[in-house]
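Encoded as structure tokens, the structure appears first; notes follow it.
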Amino acid sequence: MTIDIEQTNKTPSRPRHRKLDLKNGRVELTHGAGGRAMAQLIADIFAPAFDNAFLAQHNDQAALPMPKGGRLVMTTDGYVVSPLFFPGGDIGSLAVHGTVNDIAMSGATPLYLSASWVIEEGFPLADLDRLARSMGEASRAAGVPVVTGDTKVVERGKADGVFITTAGVGVVAPGLDLSGDRARPGDAVVLSGSIGDHGVAIMSSRENLEFETAIVSDSAALHGLVADMVAAAGPHLKLMRDPTRGGLAATLNEVADQSGVGITIAEDAIPVKPEVAAACELLGLDPLNVANEGKLIAVVEASHADALVAAMRAHPLGREAAVIGHAVADEHRFVQMTTAFGGGRIVDWLAGEQLPRIC
Amino acid sequence: MKYVDEYRDGALARGIAATISAEADPARTYRFMEFCGGHTHAIARYGLEDLLPANVQMIHGPGCPVCVLPIGRMDDAIKLAENPKITLCTYGDLMRVPGSNGASLQKAKAHGCDIRMVYSTLDALAIAEAEPDREVVFFAIGFETTTPPTAVALQIAARKELTNFSIFCNHVLTPSAIRAIMTSEEAKRGEVMLDGFVGPSHVSTVIGTDPYEFCSEEFGKPVVIAGFEPLDVMQSILMLVRQVNDGRAVVENQYIRAVTPEGNRKAQALVEEFFELRPSFEWRGLGQVPMSALRLRQTFAHFDAELKFGMVTVAAADNPACECGAILRGVKRPEDCKLFGTVCTPENPMGSCMVSSEGSCAAHWTFGRFRTFARARSGERRSA
Ligand code: SF4
């Protein structure tokens, strides 16, 4: 079996130092077989991209210092986004942001990440390198290192380019107890910014949808914003969620269900970029159902809503933060919205896949 | 949401609503049918029902192409997809429509049938070109707006002499459906109490407003052709109220932005070139409706999947508890169905009206079901 590499050192007296062909090379099954080729893939692509002291120990696991006090938070998420590269990000950065955000929604400080890559045979090494570096940059920017990882290569057709699973741990400070079941009638619902950007950015880059838009994904790590929110509203914060798949509508319904309350929101209060609104019109989508990767909602005691919104607006990722509604007593746990026209409607989960309008 | 669009101005809408309330005669009820599912969706999504006085009521019509497709045709499509040589291209909305015995395209796909979701006829055409070894069939549905694009695809296919592309044609006609509603058994018994129609602007962009003249002439019902923005809908309702108050029954055009009496002659000619009227076609709810659908002309028979694959449609009965038929004829409302929200939800639809976002049941469940509960609580009910 040949490995797609080039010889860069032809001196016969020393062991051959072979470098991956990052320009034209492709991932082969041997790159996942545990042999020298795999070691090289890790040495040439992943190690420099993630570069940190824990990884540099070259062990099958990372031994990490124990945080003092508080509770440990752990989460894991699989990433299968298509296309792998989209306006405003790629699967590498998304796999960092998504997992960091899942941890941050508990009010925790994210500490460490793991990354497990499933790569399809034939995947260009250049793209793999780009994705790994993007993941490394995102993790450095977030200050949350990838401390352990794994790569597997599967036969052509058994995966779609690259799938990534990241797990993360963080620590939540004593006294903070954020949970989806804590919304009570009267609490304020706060949204951090405009909705639908990520979903529209993804859809605009799918080949069979021929529309062009300047919209880029909002993919971002939210733990900095969360830290400011915790500082401003502390124990008065009831819960936080990031409205990813299913959009704001799904997230609000989850909260209503878990807490056993209804939620009323005002359409006027929810920011939607005009380009996103226009694209949604074209595709027959409701921005409320479209995914976000850099937004959050918080439920907070009404008395602390203003302070919370002020703190959020002072952070670059919360400039458009606003109270969009309130939790109410409702045995049906409906999420209801007053439309811009003054009428009422339900805001529901999306049934099936979001599909374009046909007539 | 902060839409910048002038046609969505809430204050303007409330102004029109106030005018409707002021002009509507409290001594009578106004019952208007919005023919098109797009209007049903707009009314539900923007909560327009809340802006209307209680005596101005909107009845949902049969203008949702997914909803009116009879079970027999869904079975046909599934049968096509089961042919290992065939790649069936379909709009996503059709994936979950129940066929006989709980079958659906979605389930067929899970069992390995080659079914691909496309966004337009041209996507299907591109697949046919890229994969010459596959028999690519496009599951064509829709009213007069979607027919010209299908004709364009056929034109291209003919020019490129594609032999592996065909159409499973289910294109239907709006005016025939209105006539069917006005002449149904229920109408003869006086149970269809309609005071006018809101007609779809996009259909009239193609066919114009002239084809609706019969509605006012023969049945004495006003028609207003309306755009799909919520403000358009509100304005068309006001125009209908005024016609009723004045004792007039004419075809009016709210959507002067794009609609003319004669429509788009070029599009009509293109459709004419490829399609001809079927003597009769089965609609869900309306049954066999004469001269209400199109098929490919004899000259283009090689593009007609029904002929190419020797399809024979077997009519199949709807779930007896499902009221889609009566709802599509405008004599029942979704909440009159016993299955609504209990057995039948968008996640597990029993009838086609619960599948498409333009279907009455789906629109009412997704956006308006809080009203059903509010009514139940207050003991009041707006019955059909
Ligand atoms: S609720 Fe379901 S079963 Fe009842 S009429 Fe509507 S689609 Fe049919």
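Select, from B:K266, B:K332, the only residue that is within 12 Å of the ligand (Cβ to nearest atom) and either over 25 Å from B:C89 (Cβ atoms) or part of a helix (DSSP H, G or I) (or both).
It is B:K332.
Would you mind finding the one in A:G342, A:G325, A:G294 that is facing chain B (nearest Cβ under 9 Å) and among the small types (G, A, S)?
None of the others qualify; the one that does is A:G342.
Check B:E276 against each of (1) within 16 Å of the ligand (Cβ to nearest atom); (2) of a type outside the set (A, V, I, L, M, F, W, C); (3) at pLDDT 90 or above; (4) in the same structural domain as B:G63 (by TED's automatic domain parsing) and name the one condition it does not meet.
All conditions pass for B:E276, except number (1).
Residue by residue through the range B:241-251, note down the ones that are crowded, with 22+ Cβ neighbours inside 10 Å and either part of a strand (DSSP E or B) or free of Cβ contacts under 8 Å to residues at least 40 places away in the same chain (or both).
B:V251
Criterion first (within 14 Å of chain B (Cβ to nearest Cβ), in contact (Cβ under 8 Å) with a residue 60 or more places away in the chain and hydrophobic (A, V, I, L, M, F, W, C)) does A:V300 satisfy it?
Considered against the rule, which asks whether it is within 14 Å of chain B (Cβ to nearest Cβ), in contact (Cβ under 8 Å) with a residue 60 or more places away in the chain and hydrophobic (A, V, I, L, M, F, W, C), A:V300 comes out as no.
Results for (1) aromatic (F, W, Y); (2) farther than 30 Å from A:A126 by Cα; (3) outside the structural domain of A:A307 (by TED's automatic domain parsing), shown as yes or no for each residue.
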| site | (1), (2), (3) |
| --- | --- |
| A:R140 | no, no, yes |
| A:V146 | no, no, yes |
| A:G157 | no, no, yes |
| A:G161 | no, no, yes |
| A:G168 | no, no, yes |
| A:S179 | no, yes, yes |
| A:A232 | no, yes, no |
| A:L239 | no, yes, no |
| A:L248 | no, yes, no |
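Within the range B:255-281, can you find the residues that are buried (at least 21 other Cβ atoms within 10 Å of the Cβ) and not hydrophobic (A, V, I, L, M, F, W, C)?
Answer for the range B:255-281, where residues must be buried (at least 21 other Cβ atoms within 10 Å of the Cβ) and not hydrophobic (A, V, I, L, M, F, W, C): just B:Y255.
Are there any pairs with C-beta distances below 7 angstrom linking a residue in the range B:320-335 that is away from chain A (no Cβ under 14 Å) and of a type in the set (D, E) to a residue that is part of a loop (DSSP other than H, G, I, E, B) and more than 6 Å from the ligand (Cβ to nearest atom), with the two at least 6 apart or on different chains, and if so which?
Note: pairs meeting the criteria are B:E323/B:K332.
Being modelled with pLDDT under 95 and either closer than 18 Å to B:I156 by Cβ or away from every other protein chain (no Cβ under 14 Å) (or both) is the filter; apply it to the range B:113-125 and report the residue that is surrounded by the most Cβ atoms within 10 Å (Cβ to Cβ).
B:T121
Would you check which residues across the range B:342-358 are modelled with pLDDT of 90 or more and touching a Ser or Thr at 6+ places or on another chain (Cβ under 8 Å) and list them?
Result: B:C353, B:M354.
I'm told B:R329 meets every condition in (1) of a type in the set (K, R); (2) surrounded by 14 or more Cβ atoms within 10 Å (Cβ to Cβ); (3) closer than 21 Å to B:L154 by Cα except one. Can you identify the failing condition by its number?
All conditions pass for B:R329, except number (3).
Mind checking which residues of the range B:310-327 are small (G, A, S) and either out of contact with any helix residue (DSSP H, G or I) (no Cβ under 6 Å at 6 or more places or on another chain) or within 13 Å of the ligand (Cβ to nearest atom) (or both)?
Once the filter is applied, which keeps residues that are small (G, A, S) and either out of contact with any helix residue (DSSP H, G or I) (no Cβ under 6 Å at 6 or more places or on another chain) or within 13 Å of the ligand (Cβ to nearest atom) (or both), the range B:310-327 yields B:G310, B:A317, B:A321, B:G325, B:A326.
Could you name every one of the helices (runs of 4 or more DSSP H) located completely within the range B:8-111 that has at least 1 residues being charged (D, E, K, R) and within 11 Å of chain A (Cβ to nearest Cβ)?
Here the list reads B:10-23, B:37-45.
Which condition does A:P110 not pass, out of (1) of a type outside the set (K, R); (2) surrounded by fewer than 18 Cβ atoms within 10 Å (Cβ to Cβ); (3) closer than 26 Å to A:V230 by Cβ, if it passes all the others?
Going through (1) of a type outside the set (K, R); (2) surrounded by fewer than 18 Cβ atoms within 10 Å (Cβ to Cβ); (3) closer than 26 Å to A:V230 by Cβ one by one, A:P110 breaks only (2).
Hey, A:N289 hits all of (1) touching a strand residue (DSSP E or B) at 6+ places or on another chain (Cβ under 7 Å); (2) more than 10 Å from every other protein chain (Cβ to nearest Cβ) but one; which does it fall short on?
Only one criterion is unmet by A:N289, namely (1).
It is to be established whether one or more residues within the range A:208-221 are more than 14 Å from chain B (Cβ to nearest Cβ), out of contact with any helix residue (DSSP H, G or I) (no Cβ under 8 Å at 6 or more places or on another chain) and in contact (Cβ under 8 Å) with a residue 12 or more places away in the chain.
no
For residues that are within 13 Å of another protein chain (Cβ to nearest Cβ) and part of a loop (DSSP other than H, G, I, E, B), scanning just the range B:336-349, find the one that is farthest from the ligand (Cβ to nearest atom).
Filtering first and then ranking leaves B:E347.
If a residue has to be under 21 Å from A:P145 (Cβ atoms) and loosely packed, with under 12 Cβ neighbours inside 10 Å to count, how many in the range A:59-73 make the cut?
Residues in the range A:59-73 being under 21 Å from A:P145 (Cβ atoms) and loosely packed, with under 12 Cβ neighbours inside 10 Å: 7 in total.
What are the residues in the range A:62-92 that are in a strand (DSSP E or B) and hydrophobic (A, V, I, L, M, F, W, C), if any?
Within the range A:62-92, A:L72, A:V73, A:M74, A:F85, A:F86 qualify.
Please determine, by comparing only the residues of the range B:298-314 that are without any contact (Cβ under 8 Å) to a residue 24 or more places away in the chain and β-branched (V, I, T), which one is nearest to B:E276 (Cα to Cα).
Among those that are without any contact (Cβ under 8 Å) to a residue 24 or more places away in the chain and β-branched (V, I, T), it is B:T299.
Hey, can you tell me all the residues within the range B:352-367 that are within 14 Å of another protein chain (Cβ to nearest Cβ) and near the ligand (Cβ under 9 Å from one of its atoms)?
Answer for the range B:352-367, where residues must be within 14 Å of another protein chain (Cβ to nearest Cβ) and near the ligand (Cβ under 9 Å from one of its atoms): B:S352, B:C353, B:M354, B:V355, B:G359, B:C361, B:A362, B:H364, B:W365.
May I ask you to say which residue of B:R371, B:R377 is away from the ligand (no atom under 11 Å from the Cβ), within 13 Å of another protein chain (Cβ to nearest Cβ), modelled with pLDDT under 90 and under 17 Å from B:Q57 (Cβ atoms)?
B:R371
The values are calculated or read from the model by the stated rules, or taken from the named source; none is laboratory data. Keep in mind the model is a prediction, meaning the values are calculated, not measured. Quick reminder, even Gly has a Cβ in these numbers, built from the backbone with ideal geometry, and neighbours come from all protein chains shown.
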